[in-house]
1. Among the listed residues ARG82, ARG61, ARG92, identify the single one that is among the basic types (Lys, Arg) and farther than 22 Å from GLY220 by Cβ.
2. Of everything in the stretch 139-160, what is in contact with a Pro (Cβ under 8 Å, 6 or more places away or on another chain), under 18 Å from LEU68 (Cα atoms) and not hydroxyl-bearing (Ser, Thr, Tyr)? Give them in sequence order.
3. Being in contact with a helix residue (DSSP H, G or I) (Cβ under 7 Å, 6 or more places away or on another chain) and among the acidic types (Asp, Glu) is the filter here, so list the residues in the stretch 62-79 that pass it.
4. Criterion first (without any contact (Cβ under 8 Å) to a residue 60 or more places away in the chain, assigned to a helix (DSSP H, G or I), among the hydrophobic types (A, V, I, L, M, F, W, C) and under 16 Å from HIS240 (Cβ atoms)) does LEU204 satisfy it?
5. Could you please let me know if LYS14 is within 29 Å of TRP147 (Cβ to Cβ), assigned to a helix (DSSP H, G or I), in contact with a strand residue (DSSP E or B) (Cβ under 8 Å, 6 or more places away or on another chain) and at pLDDT 85 or above?
6. Counting just the residues of the stretch 209-249 that are outside any strand (DSSP E or B), within 25 Å of SER84 (Cβ to Cβ) and out of contact with any Lys or Arg (no Cβ under 8 Å at 6 or more places or on another chain), which one comes out modelled with the lowest pLDDT?
7. If I filter the stretch 41-57 for residues that are aromatic (Phe, Trp, Tyr) and crowded, with 20+ Cβ neighbours inside 10 Å, do I get at least one hit?
Amino acid sequence: MSGLSSTERVECAKILKLMSEGDLRSLSDTVTNKMIVVENMKEATETILSFTKNAEELLRRKKVHRDLIFKYLAAEGIPMPRNSEKQELVKRALELWSSGKNPNPNPKDTGDDSQQKPTKDTVSDSTNAKTEADFDPQVLGQEFCQWFFQLLNSQNPSLSQQPQDWGPQHFWPDVTLEILSRAGSEQREDFQGAELVSLRLLALTREERLLLSPNLDLEGLKVQSYQHGPVKVGVAGTIHRDKDCLGIFEQIFGLIRSPLENNSWKIKFIKLKILGQDALRGAKVAASALTYDSTELQLLSS
């Protein structure tokens with residue numbers, strides 16, 4: 001009988017899905033001492049989960065490469081330096097699963113579509129439960145970024161994950177998007193409207209296969225809240241494609257509650273700045289920090 005908790009079982013399954021069929025079958029042979037012959041990848045996954053004593057044992061297996069755990073954490077919106085050792089990634093994953101703020105399983109993992117709704121409404125559910133006196137903008141910013149980047153990164157086909165519920169429903173109808181990229185030459189793109197903004201952001205991960213890993217520590221995340229007007233969330237992070245770190249990004253979100261949709265938060269504007277490796281002039285990208293200060297955040301408007 002498996003020693004994994006229900007959460008560990010679901011999350012370990014996500015990591016196993018990132019493995020090649022050959023490695024998965026080899027790992028199944030290892031954990032069962034070749035006592036069980038599996039017919040396909042699904043059987044191999046179930047066998048591994050059933051014969052694993054605990055999550056740490058599984059994560060430390062040689063076939064569970066560090067890049068798999070890194071990709072998993074990035075897809076869940078958990079930023080880690082690209083040069084992190086495997087033991088650091090294992091520790092972070094175990095902390096995540098035991099923290100009480102575990103990622104929500106995808107419907108494909110559980111067979112239960114009702115499990116997906118909490119992921120979609122993470123920000124609105126957590127903030128609606130608080131009174132205005134208890135409202136903490138920094139907590140909102142962290143929860144929003146975890147939700148947003150997990151959702152966006154799940155659209156990246158290189159992660160081999162079930163895409164989550166991305167679409168224009170997360171934006172105000174008149175939302176604006178400004179993208180400023182510096183990679184060799186400078187280029188600016190502007191979009192308006194929920195459909196266009198949603199499709200352009202989707203193209204970053206689905207077509208361009210970019211993986212955005214936010215830095216949610218104090219130096220990478222700043223939040224400004226006002227009695228009237230949007231909550232502004234600024235976040236910095238690194239951009240990856242497969243095993244390559246392409247550069248860094250800084251992103252500003254404007255969030256406004258929607259009284260017609262259970263007072264949930266929706267995105268009013270986004271400003272995205274991308275710096276490629278050649279524009280960094282040798283700067284370190286592993287610990288990306290937000291360059292906007294609180295005054296600049298306050299001056300940014302939609």
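The values are calculated or read from the model by the stated rules, or taken from the named source; none is laboratory data. Computed from a prediction, not measured in an experiment: that's the story for all the values here. Methodologically, a virtual Cβ is constructed for each residue, glycine included, from the backbone with ideal geometry; neighbour enumeration extends over all protein chains shown.
1. That would be ARG61, the only listed residue that is among the basic types (Lys, Arg) and farther than 22 Å from GLY220 by Cβ.
2. Those that are in contact with a Pro (Cβ under 8 Å, 6 or more places away or on another chain), under 18 Å from LEU68 (Cα atoms) and not hydroxyl-bearing (Ser, Thr, Tyr): PHE149, GLN150, GLN155.
3. Correct list: GLU76 only.
4. Here the answer is yes, as LEU204 does meet what is asked.
5. No; evaluated as a whole, the condition is false for this residue.
6. Within the stretch 209-249, the match that is modelled with the lowest pLDDT is LEU218.
7. Within the stretch 41-57, none of the residues are aromatic (Phe, Trp, Tyr) and crowded, with 20+ Cβ neighbours inside 10 Å.
For every residue, the table says whether it meets (1) crowded, with 16+ Cβ neighbours inside 10 Å; (2) in contact with a strand residue (DSSP E or B) (Cβ under 8 Å, 6 or more places away or on another chain).
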| position | (1), (2) |
| --- | --- |
| ASP174 | no, yes |
| ASP190 | no, yes |
| ALA203 | no, no |
| GLU207 | no, no |
| TYR226 | no, no |
| VAL231 | yes, yes |
| GLY237 | yes, yes |
